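The values are calculated or read from the model by the stated rules, or taken from the named source; none is laboratory data. Source: prediction; values computed, not measured. Glycine also receives a Cβ, built like all others from the backbone with ideal geometry; neighbour counts cover every protein chain displayed.
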Amino acid sequence: MSQIVLFDEGGHRNILLPEQDAGAGVASNQHIVIDGQSALLLDPGGTKVYRDVFTAAAKAKQTAKLEIVFLSHQDPDIVAALNGWLMTTEARAVVSKLWHRFIPHFGSDKLVYSRVDPLPDEGTVLKLGGCELLVLPAHFLHSVGNFHLYDPRSKILYTGDLGASLGEDYREVSDLAAHIPLMEGFHRRYMSSNAALRAWLKMVRPLDIEIVAPQHGALMRGRPMIDAFFDWLEGLECGIDYMPDVFRVPA
Ligand code: FE
């Protein structure tokens, strides 16, 4: 599996492990943040990719120790392999308090589940090595208990399913207008409302962001691209805005 270095400066590294073949499952990106000897893995993927991601993550983090597994939300492509990660590392995991008691249904050994910490709705600051990563509320985008991770050092905003695209054959977006059709259907149906998008945009627009890195598909780099993406989200009708008439008894 290849590694894409997104940032590497002064012992701080951000590495993308690009999409794994998950058979019939939707492909997902894995990301690693390393600061000094401490590593954090984002949204590690399901059981089908566990072995490959484990090997790739070990290679990418070199001698650093996996300390935190960040779970943006509760979907199977994110949490299904959590038990494996907890059993084979000493890492702790963080996930919304809304999902904390549901994830054990994927099969988590109770001896390791004490290392899974519930996150409050307001988010938190995670210490990793000598840096602080911000866990930002992203509820309703799409999950009701959803978080993004902002790394002020590399200026990468990890957005989970927000910004996800399907079917592209490139890793970075160069033409947003051409890319939007690959995001549109997913966002209209999976994101809950334009109100949630606008509330989220109000929080993230002031941040100094160099890369928006979603869990599926291509990433967006540079402020003009990111601003254009944010503008698209600002005007997007999705979820309940898009299908208010769906609540009808089927004939
Ligand atoms: Fe999801």
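Numbers for the structure displayed
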item: Candidate set: region 32-48, residues that are part of a loop (DSSP other than H, G, I, E, B) and at pLDDT 90 or above; chosen: the one nearest to the ligand (Cβ to nearest atom); result: ASP43
item: Pairs where the first residue, in region 136-162, is under 17 Å from SER28 (Cα atoms) and free of Cβ contacts under 8 Å to residues at least 40 places away in the same chain and the second is within 16 Å of the ligand (Cβ to nearest atom) and hydroxyl-bearing (Ser, Thr, Tyr), C-beta under 7 Å, 6+ apart; result: none
item: Number of positions in region 49-74 that are within 16 Å of the ligand (Cβ to nearest atom) and among the charged types (D, E, K, R); result: 0
item: Residue in region 75-84 that is within 16 Å of the ligand (Cβ to nearest atom), β-branched (Val, Ile, Thr) and either within 21 Å of TRP99 (Cβ to Cβ) or assigned to a helix (DSSP H, G or I) (or both) present; result: yes
item: Subset of region 132-160 [surrounded by fewer than 19 Cβ atoms within 10 Å (Cβ to Cβ) and either among the hydroxyl-bearing types (Ser, Thr, Tyr) or in a strand (DSSP E or B) (or both)]; result: GLU132, LEU134
item: Residue that is within 23 Å of ALA218 (Cβ to Cβ) and over 15 Å from the mean Cα position of the chain (by Cα), where the choices are ARG51, ARG13; result: ARG13
item: Those residues of region 163-179 which are surrounded by 19 or more Cβ atoms within 10 Å (Cβ to Cβ) and in contact (Cβ under 8 Å) with a residue 40 or more places away in the chain, in sequence order; result: GLY163, ALA164, SER165, VAL173
item: Some residue of region 105-115 being surrounded by 14 or more Cβ atoms within 10 Å (Cβ to Cβ) and under 18 Å from the mean Cα position of the chain (by Cα); result: no
item: Residue selected from region 85-103 under the condition outside any helix (DSSP H, G or I) and within 15 Å of the ligand (Cβ to nearest atom), by the criterion modelled with the lowest pLDDT; result: PHE102
